[in-house]
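Novice: Structure below; questions to follow.
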Amino acid sequence: MSAPSRRPEIRRRRTRAEKVQKLRKRLAASSGADKDRLTAKLNRYQQVSPGNPLVKSA
């Protein structure tokens with residue numbers, strides 16, 4: 001696989017990782033309904049991601 005064909009994939013992964021990092025920070029600082037909404041959003045990202053879960057369960 002050559003570099004030009006990997007660039008879009010790498011960009012998608014990097015963008016997704018930045019989004020998840022931002023959501024985790026917001027989740028740590030939130031409470032109540034916001035926490036539920038952000039957890040649901042992270043769980044949606046988690047369903048399409050291979051590997052470890054994005055949100056640690058209680």
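A short reminder: the numbers here are calculations on the coordinates, not readings from a lab. If you're wondering where the values come from, they're calculated on a predicted model, not measured in any experiment. Cβ atoms come from the backbone with ideal geometry, glycine included; neighbour counts cover every protein chain shown.
Novice: Across all directions of projection, what mean area in square nanometres is found for the Cα convex hull of region 3-45?
Specialist: Averaged projected area of region 3-45's Cα convex hull equals 3.0 nm².
Novice: Related question: Quick one: net charge of R7's neighbours, Cβ under 12 Å, K/R +1, D/E -1?
Specialist: Once positives and negatives cancel, what remains is +4.
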